[in-house]
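The values are calculated or read from the model by the stated rules, or taken from the named source; none is laboratory data. Treat the numbers as computed from the prediction; the structure is a model and nothing was measured. A quick note on method: Cβ atoms are made from the backbone with ideal geometry, for glycine too, and the neighbour counts reach across all protein chains shown. Keep in mind that these areas ignore ligands, DNA and RNA; they rest on the heavy atoms of the full protein, side chains included. Shrake-Rupley method; radii C 1.70, N 1.55, O 1.52, S 1.80 Å.
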Amino acid sequence: MAHGETQQHPIGIYLWVWFLLFVLSVGSYLVDVVGLESYLRWTLITLFMLLKAGLIIAVFMHMVWERLAIICVVLVPPGVLVFLMLLMAIEGNHVLLSRLAYFGP
């Protein structure tokens, strides 16, 4: 690409993403209107939230067109968090078992 040229994306992509964001927002609103409760409600709200965030990151931050950027920004931090949660779960299990052995019958 020569100096000064920029890559242009078709406006149709943005219109579809805006439409999908609207549909996901309506779905999130309907979860409250219908009156769903308990884990189903929170699962659906979280799912709609993550889908909207993913669309915004992928398209409006142009991550969908840059493979290395999407790996570094979207996949690495959650991977590190999952690894740390696994370490905390292992350590918590060890503490629980040691306390049960010490205070057990």
> For the chain, what is the accessible area per residue in Å², given a 1.4 Å probe and the full set of protein chains?
Replying inline: 83 Å²
>> Among S25, Q8, L96, which residue has its Cα furthest toward the positive end of the charge dipole of the chain, with +1 on Lys/Arg Cβ and -1 on Asp/Glu Cβ?
In response: L96
> On the accessible surface of the chain, probed at 1.4 Å, how many percent belong to carbon and sulfur atoms?
Replying inline: 74 percent
> What is region 1-90 by shape, rounded, prolate or oblate, if you read a ≥ b ≥ c off the alpha carbon gyration tensor as root eigenvalues and call it rounded for a/c under 1.5, prolate for a/b larger than b/c, and oblate otherwise?
Replying inline: oblate
> How large is the helix-only mean residue ellipticity at 222 nm for the chain, computed as the sum of -39500 (n - 2.57) over DSSP H runs with n ≥ 4, divided by its residue count, in deg cm²/dmol to the nearest 500?
Replying inline: -24000 deg cm²/dmol
> Using unit Cβ charges (K, R positive; D, E negative) and no other charged atoms, how large, in debye to the nearest 20, is the dipole of the chain about its Cα centre?
Replying inline: 160 debye
